[in-house]
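Peer 1: Next up is a structure, given as structure tokens.
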Amino acid sequence: MDGVNTVELAIFVAFFVLVTVVGFAAARWRRAENLMHLDEWGLGGRSFGSWITWFLIGGDIYTAYTFVAVPALVFGAGAAGFFAVPYTVIVYPLIFLVVIRLWSVSHVRGFVTPADFVRSRFDSSTLALLVAITGIVATMPYIALQLVGIEAVLETMGVTGQWPIIVAFVILALYTYSSGLRAPALIAFVKDILIYLTIIVAVIVIPAELGGWGAIFGAADEKFTAAGSGGVLLPQAGQLQYATLALGSALALFLYPHSITGVLAAKNRDVLKRNMSALPVYSLALGFIALLGYMAIAAGTTPVGTDGNTIVPRLFQDMFPSWFAGVAFAAVGIGALVPAAIMSIAAANLFTRNIYKEYLKKDATPENEAKVAKIASLVVKLGAVAAIVFIDPQFSIDLQLIGGVIILQTLPSVAIGLYTRWLHRGALIAGWVVGMAAGMLMLYNVPRLGPGGVVLREHWGGSAFSLGKLGFDTKYTIYAGFLSLLVNLVVTIAGTFVLRAMKVADGVDGTAETDYTAEREDPTVRDLPDPLESVPPGAAGGASVRG
Amino acid sequence: MSSPDTPPAGVAPRRSDRSPWNWLLVVPIVVPLLVPLYDHRDPQLFGWPFFYWVQLVFVALGVLTTALVYRATRRSPEERAAARRAADGPPAGPPTRDGGR
């Protein structure tokens with residue numbers, strides 16, 4: 001193993017060991033009282049206050065992907081990569097009123113997954129199945145992306161080959177399998193402390209060494225001008241893509257099953273509302289993280305081989321002493337474990353509650369279900385590892401963008417469904433099918449462009465769909481997810497008119513209007529079960545789900 | 001469950017999320033989408049082109065509006081008390097208002 005930086009690796013491994021200890025300790029402490037916030041992690045009346053929700057959702061959304069892929073995109077393309085900032089600004093006011101409705105109806109009716117809600121609201125197990133499958137498929141590349149983060153860090157330290165990813169997977173699997181949500185939640189504290197420490201140090205130290213911010217932006221400007229692609233500002237034709245990508249990503253974020261898990265774990269509606277103001281602290285950090293890409297340009301950092309994702313780890317290696325680079329790498333590595341664990345739990349829940357229980361084994365006992373959920377979480381992680389091993393990690397950010405296009409197709413049923421039941425279940429299914437097909441077709445027709453506009457790959461090259469392909473005489477591009485969602489909505493609305501005119505039955509609403517505004521103090525509100533050990537709707541204790 | 005106590009007259013738990021304050025939330029959603037308005041180099045700040053620093057200002061805008069809407073639309077202590085009484089006695093544990101922050 002030539003070229004391995006032993007100091008960095010030692011620090012990195014030390015933090016991983018620490019995190020492993022924390023993970024197992026969390027599992028052992030689960031019934032103890034009064035240990036920090038741990039008593040809030042159990043069953044029954046204990047649920048998450050503002051701080052824990054902040055760490056949990058923050059750990060969920062701002063991941064290793066943030067640390068590695070966003071600056072890599074800024075490094076390569078410039079201003080277009082900065083979309084992550086407006087995206088995480090828009091998302092909170094956008095969902096402010098929506099998540100509290102979701103929280104309320106879920107706590108009244110005992111929903112744990114978005115598919116639970118859709119099943120009850122629209123009285124359609126087919127629609128619920130589609131929502132569940134969409135959630136699982138969209139989450140997989142997201143988990144894969146986290147493993148890409150670990151891979152980039154290991155590669156930078158000189159550790160090569162596939163085995164480190166397998167090791168990371170085993171560690172992840174151990175936490176998730178034995179401790180459920182508790183371990184990643186505790187680890188999120190460690191992760192956030194390390195990440196904020198790294199960012200603060202990076203933002204103070206690196207610009208000082210590079211001659212200030214003016215020099216950093218200047219170097220980036222020079223590079224893009226010389227390369228003839230990208231830029232410190234957006235070209236006019238890229239502005240629509242920038243805005244629609246930010247809006248589309250924001251709409252998609254809280255449709256992901258793992259975000260919904262974080263939302264439902266909150267103690268009450270006020271906790272959620274307060275977090276909509278507190279979570280943007282991470283967005284601010286994200287702005288600085290994105291600019292690490294420009295710092296890398298100014299510092300003349302080069303990636304390891306052709307893996308653009310290693311640009312930030314390489315920058316840290318160039319700029320920091322080895323021991324602190326090790327700390328920063330640990331931040332990225334641990335930052336990957338937390339969301340990956342939560343995502344695999346969320347996907348496993350969808351499988352267990354909305355596929356296994358619904359279709360495969362209707363008389364499953366609670367023990368059966370817990371076991372299935374745990375095994376499913378393993379399978380999901382295995383799928384993510386396979387995705388990394390078999391697909392070029394260079395395309396990790398595009399993979400996640402494709403996931404975003406997919407998950408957006410559940411917006412009419414899940415998000416609009418929270419407000420109205422006017423949309424017909426048959427039309428929602430039709431909209432999903434057509435929207436999904438349109439989205440895939442558009443993504444297929446996005447070429448990957450190299451410097452100077454050379455086509456490197458004909459298909460699956462990103463999410464910026466050229467409007468010229470629709471016959472418009474323009475160079476503008478638009479986020480494929482946004483356009484496919486519009487197609488979906490048009491079909492859903494038109495279909496609803498047709499089906500309503502034909503008087504096709506649309507089932508019975510399993511929820512009541514007052515469910516959506518219920519507060520914790522209300523008599524109808526109940527506590528949700530532990531996400532990993534819960535009983536699906538319809539089983540013991542969930543009898544009221546079907547209204 | 002025994003029948004709930006009658007809440008005192010004039011104070012009933014709110015049953016709607018509707019409020020004119022909610023319209024404020026439109027501002028931080030729409031402003032970052034108006035890309036042509038801020039896709040510029042000048043005025044610069046600490047060497048940052050306008051495009052970059054103004055988007056960090058948008059973060060503050062989002063915080064401000066969501067915090068304001070939260071403050072303006074939360075249940076009053078009287079409404080909370082009424083709701084708790086309606087819920088057949090308060091649950092054991094700390095009051096909800098100091099929920100961790």
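Peer 1: Looking at A:ILE216, is it open to solvent by less than 20 Å² (accessible area, probe 1.4 Å), over 20 Å from A:LEU467 (Cβ atoms), facing chain B (nearest Cβ under 9 Å) and touching a helix residue (DSSP H, G or I) at 6+ places or on another chain (Cβ under 7 Å)?
Peer 2: Yes; evaluated as a whole, the condition is true for this residue.
Peer 1: Within region A:471-519, take every residue that is open to solvent by less than 20 Å² (accessible area, probe 1.4 Å) and over 20 Å from A:GLN409 (Cα atoms) and give me the one that is farthest from the other protein chains (Cβ to nearest Cβ).
Peer 2: Among residues in region A:471-519 that are open to solvent by less than 20 Å² (accessible area, probe 1.4 Å) and over 20 Å from A:GLN409 (Cα atoms), the one farthest from the other protein chains (Cβ to nearest Cβ) is A:GLY510.
Peer 1: Report whether or not A:LEU97 is within 10 Å of chain B (Cβ to nearest Cβ) and either open to solvent by 10 Å² or more (accessible area, probe 1.4 Å) or outside any helix (DSSP H, G or I) (or both).
Peer 2: So A:LEU97 fits the description; yes.
Yes/no matrix, rows are residues, columns are (1) closer than 23 Å to A:GLN239 by Cβ; (2) at pLDDT 85 or above; (3) surrounded by 17 or more Cβ atoms within 10 Å (Cβ to Cβ):
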{"residue": "B:GLY10", "(1), (2), (3)": "no, no, no"}
{"residue": "B:ARG15", "(1), (2), (3)": "no, no, no"}
{"residue": "B:ASN22", "(1), (2), (3)": "no, no, no"}
{"residue": "B:PRO32", "(1), (2), (3)": "yes, yes, yes"}
{"residue": "B:ASP42", "(1), (2), (3)": "yes, no, no"}
{"residue": "B:LEU56", "(1), (2), (3)": "yes, yes, yes"}
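Peer 1: Could you pull out the residue among A:LYS503, A:LYS475 that is of a type in the set (D, E, K, R) and touching a residue at least 40 places away in the same chain (Cβ under 8 Å)?
Peer 2: Matching residue, one of A:LYS503, A:LYS475: A:LYS475.
Residue by residue, here is whether (1) at pLDDT 85 or above; (2) within 12 Å of another protein chain (Cβ to nearest Cβ) holds:
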residue: A:GLY262; (1), (2): no, no
residue: A:ALA265; (1), (2): no, no
residue: A:ARG269; (1), (2): no, yes
residue: A:LEU284; (1), (2): yes, yes
residue: A:PHE288; (1), (2): yes, yes
residue: A:LEU292; (1), (2): yes, no
residue: A:ALA296; (1), (2): yes, no
residue: A:THR301; (1), (2): no, no
residue: A:GLY305; (1), (2): no, no
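Peer 1: Out of the residues in region A:223-253 that are part of a loop (DSSP other than H, G, I, E, B) and more than 14 Å from every other protein chain (Cβ to nearest Cβ), state the one that is most open to solvent (accessible area, probe 1.4 Å).
Peer 2: A:GLY228
Peer 1: Related question: Residues of region A:137-148 being modelled with pLDDT of 80 or more, of a type outside the set (Ser, Thr, Tyr) and buried (at least 24 other Cβ atoms within 10 Å of the Cβ), which ones?
Peer 2: Hits for region A:137-148 are A:ALA138, A:ILE143, A:GLN146.
Peer 1: With the condition kept exactly as written, say whether any residue in region A:22-38 is open to solvent by less than 10 Å² (accessible area, probe 1.4 Å), in a helix (DSSP H, G or I), modelled with pLDDT under 85 and out of contact with any Phe, Trp or Tyr (no Cβ under 6 Å at 6 or more places or on another chain).
Peer 2: Yes, some residue in region A:22-38 is open to solvent by less than 10 Å² (accessible area, probe 1.4 Å), in a helix (DSSP H, G or I), modelled with pLDDT under 85 and out of contact with any Phe, Trp or Tyr (no Cβ under 6 Å at 6 or more places or on another chain).
Peer 1: Given the structure, is A:ILE200 buried (at least 22 other Cβ atoms within 10 Å of the Cβ) and not charged (D, E, K, R)?
Peer 2: Judged against the criteria, A:ILE200 is not a match.
The values are calculated or read from the model by the stated rules, or taken from the named source; none is laboratory data. All values derive from a computational prediction rather than experimental measurement. Cβ sites come from the backbone with ideal geometry, for glycine too, and all protein chains shown count toward neighbours. Side chains are part of the model used for accessible areas, which takes the heavy atoms of the whole protein and leaves out ligands, DNA and RNA. Shrake-Rupley method; radii C 1.70, N 1.55, O 1.52, S 1.80 Å.
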